[in-house]
Amino acid sequence: MRLPEPSPNDNQTQQSFFDSVGGEETFQLVVHRFYQQVREDDLIGPMYPVDDWEGAEDRLRWFLMQYWGGPQTFSENRGHPRLRMRHAPFEIGEKEAERWLEMMDNAIDSIDEHTLSLSHRAAMREHMQRVAYMLINKPD
């Protein structure tokens, strides 16, 4: 029995979500535009470290890039994400989760459709919703 000849595509791996949306540049834009809103927000803004906006941006960008198939910078610098533990000190109710999602949706929507297709946007929104609701730790 003769084996089929290898296809030129056999050694190519499928492109990651991270790469397909433009890599770090796209995540940097989304996160920066998100934090521009957070800085001015009366509900969510006070939860963030006023003296470490750049650090907060870095950590969220690293987390999202790693989640979507980019570099492992978050784990290398912070260890396991442990999202619930890291957010436990903050009172997060449904109102806070909804506001966070609203600002994240605005940030995602600010990215050109050639960079973030409708399916990429939907995938990102679904992930953000799961995370936001998972972090709720107080009844409203």
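The values are calculated or read from the model by the stated rules, or taken from the named source; none is laboratory data. Worth saying up front: this structure is predicted, and the values here are computed from it rather than measured. No Cβ is skipped: glycine too gets one built from the backbone with ideal geometry, and neighbour counts run over all protein chains shown. Calculation scope for accessible area: heavy atoms of the full protein, side chains included, ligands and nucleic acids excluded. Shrake-Rupley method; radii C 1.70, N 1.55, O 1.52, S 1.80 Å.
Here is how the numbers come out for the structure above:
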{"quantity": "Additional length obtainable on full extension of the chain from Q14 to D51, 0.36 nm per residue less Cα span", "calculated": "9.3 nm"}
{"quantity": "Accessible surface of region 20-135 [probe 1.4 Å, protein heavy atoms]: carbon and sulfur percent", "calculated": "49 percent"}
{"quantity": "Electrostatic dipole magnitude of the chain [Cβ: Lys, Arg +1; Asp, Glu -1; Cα centre; debye, to 20]", "calculated": "580 debye"}
{"quantity": "Cα long-axis angle, helix 24-40 against the chain (0 to 90 degrees, to the nearest 10)", "calculated": "10 degrees"}
{"quantity": "Charge sum, other residues only, whose C-beta stays under 12 Å from I108's C-beta, Lys/Arg counted +1 and Asp/Glu -1", "calculated": "-3"}
{"quantity": "Chain lengthening between H32 and D109 when straightened (0.36 nm per residue, less Cα-Cα)", "calculated": "26.4 nm"}
{"quantity": "Enclosed volume per residue, in Å³, of the convex hull spanned by Cα atoms of region 84-140", "calculated": "74 Å³"}
{"quantity": "Exposed-site-free run, longest, the chain (rule: GluC sites (Glu not before Pro); DSSP loop; at most 12 other C-beta within 10 Å)", "calculated": "1-90"}
{"quantity": "Estimated [θ] at 222 nm from DSSP helical runs (n ≥ 4, -39500 (n - 2.57)) normalised by residues in the chain, nearest 500", "calculated": "-17500 deg cm²/dmol"}
{"quantity": "Percentage of interatomic Cα-Cα distances in region 20-135 larger than 20 Å", "calculated": "40 percent"}
{"quantity": "Calculated from backbone phi, Karplus (6.51, -1.76, 1.60) coupling profile of region 121-129 in Hz, x at Gly/Pro", "calculated": "4, 4, 5, 5, 4, 4, 4, 4, 5"}
{"quantity": "Solvent-accessible area per residue, Å², over the chain with all protein chains present [probe radius 1.4 Å]", "calculated": "64 Å²"}
{"quantity": "For region 83-92, Karplus couplings with θ = phi - 60° (6.51, -1.76, 1.60), whole Hz, Gly/Pro x", "calculated": "4, 4, 5, 5, 9, 4, x, 9, 7, 10"}
